[in-house]
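Reviewing the structure listed below.
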Amino acid sequence: MKPLDCRIPDDRREPLTEEERAVFAWQFPVAGFGEAGQERLKASSILVTRCGGLGGSVAYQLAAAGVGRLILAHGGDIQASDLNRQILMTHAGIGHSRVESAARRLKELNPALRITAVPENVLDSNVARLVRDADLVVDCAPMFGERYLLNDECVLQRKPMVEAAVFELEAHLTTVIPGVTPCLRCLYPETSPTWTRRFPVFGAVSATVGALAAMEAIKLLAGFGETLAGILLACDLGNMSFRRFRIRRDPHCPECGGVDVWSSVLGGS
């Protein structure tokens, strides 16, 4: 396969209104971005799964940056235990839909944002449709079953995927570009048999990594900066250390054919 250019092409760029120029004026001077980069963001569609602690922070930063459309996939209702980290949820919303709360809060920040709220987690029955509707996927799912579904579908459809995960004070972040980089199955060929849905994490860790993942998506779609394609960024906020590991495709990978394996059991909610 030929290398994949993740930028929104010039013929899809959407012109900005005067109000949008005012809102996003502080971003234009960023080296390599400019008004053209903003027009690419406005034309882009990003799938975020899920939109809890990690994904909610991703979605918030993407909305603030001026991404044109967000597809949010997250099932279930808000619980009290969500509120230490899920910035798009509220105490008043306990017992009500997570994804509807997320959509409402994002529209308050950016009224022009187009949101498709899907009250479902990623499943075999919906993953093809969810990925097909997006230019890029940000995977924030906590369970490897969902993460593998997204990975496999992104490889099949040749869609870039930003992969983010947190556990306690640690985090991992990388970018999968089909045909160019290792995929998730290269990096994590096996899931942990002891992994559970609930794990220890501070909201500040989720917010930090969510912002990094959002910036990675912005760079990919606007076409500037250096991305984490082929690089695993490992963060330990306990001692504020950041390490980069170059990863390679495993020639025996069942999905992308990939790798030096550097495994972990980090999750994402």
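The values are calculated or read from the model by the stated rules, or taken from the named source; none is laboratory data. Predicted model, so just to flag it, every value in this text is computed and none were measured. We place every Cβ from the backbone using ideal geometry, glycine too, and count neighbours over all the protein chains shown.
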**Report entry** Single unsatisfied condition, residue 173 versus (1) within 22 Å of residue 246 (Cβ to Cβ); (2) assigned to a helix (DSSP H, G or I)
**Finding:** (2)
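At pLDDT 95 or above, outside any loop (DSSP other than H, G, I, E, B) and of a type in the set (Gly, Ala, Ser): is that true of residue 165 in this structure?
Details: at pLDDT 95 or above: no; outside any loop (DSSP other than H, G, I, E, B): yes; of a type in the set (Gly, Ala, Ser): yes.
Criteria not met by residue 165.
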Query raised in the report: Of the conditions (1) charged (D, E, K, R); (2) at pLDDT below 95; (3) under 21 Å from residue 71 (Cα atoms), residue 153 fails just one. Which one is it?
Result: (2)
Requested in this report: For segment 27-37, indicate whether the set of residues that are surrounded by 24 or more Cβ atoms within 10 Å (Cβ to Cβ), at pLDDT 95 or above and more than 29 Å from residue 83 (Cα to Cα) is non-empty.
Outcome: yes
Query raised in the report: With respect to residue 68, is the statement that it is among the small types (Gly, Ala, Ser), under 30 Å from residue 15 (Cβ atoms) and under 16 Å from the mean Cα position of the chain (by Cα) true?
Result: yes
Report summary line: Considering segment 132-162, residues that are touching a strand residue (DSSP E or B) at 6+ places or on another chain (Cβ under 6 Å) and assigned to a helix (DSSP H, G or I), and then whichever is nearest to residue 18 (Cα to Cα), we arrive at 154
Query raised in the report: Just wondering, is there one or more residues in segment 71-94 that are polar (S, T, N, Q), touching a Phe, Trp or Tyr at 6+ places or on another chain (Cβ under 8 Å) and surrounded by fewer than 16 Cβ atoms within 10 Å (Cβ to Cβ)?
Result: yes
Query raised in the report: How many residues are over 11 Å from residue 171 (Cα atoms) and of a type outside the set (D, E, K, R) if we restrict to segment 226-237?
Result: 5
Report summary line: Restricted to segment 1-54 and to residues being part of a loop (DSSP other than H, G, I, E, B), charged (D, E, K, R) and closer than 23 Å to residue 72 by Cα, the residue nearest to the chain's Cα centre (by Cα) is 50
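Give the residues of segment 150-172 that are surrounded by fewer than 24 Cβ atoms within 10 Å (Cβ to Cβ) and aliphatic (A, V, I, L, M), sorted by residue number. Show your work before the answer.
Taking segment 150-172 and keeping what is surrounded by fewer than 24 Cβ atoms within 10 Å (Cβ to Cβ), we get 152-153, 155-159, 167-170, 172.
Result: 155, 156, 169.
When you scan segment 78-131, how many residues do you find that are charged (D, E, K, R), in contact with a Ser or Thr (Cβ under 9 Å, 6 or more places away or on another chain) and part of a helix (DSSP H, G or I)?
Residues of segment 78-131 that are charged (D, E, K, R), as a first pass: 82, 85, 98, 100, 104-105, 107-108, 114, 120, 124, 129.
Those still in the list that are in contact with a Ser or Thr (Cβ under 9 Å, 6 or more places away or on another chain) too: 82, 85, 105, 114.
Next cut, part of a helix (DSSP H, G or I) only: 82, 105.
Residues flagged as charged (D, E, K, R), in contact with a Ser or Thr (Cβ under 9 Å, 6 or more places away or on another chain) and part of a helix (DSSP H, G or I) within segment 78-131 amount to 2.
Okay, residues lined up against (1) within 15 Å of the chain's Cα centre (by Cα); (2) within 22 Å of residue 103 (Cα to Cα):
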| site | (1), (2) |
| --- | --- |
| 114 | no, yes |
| 123 | no, yes |
| 135 | yes, yes |
| 138 | yes, yes |
| 145 | no, no |
| 149 | yes, no |
| 156 | no, no |
| 162 | yes, yes |
| 166 | yes, no |
Query - Every pair of residues 6+ apart whose Cβ atoms lie under 8 Å, when the first sits in segment 99-120 and is buried (at least 19 other Cβ atoms within 10 Å of the Cβ) while the second is acidic (Asp, Glu) - result: 117/100
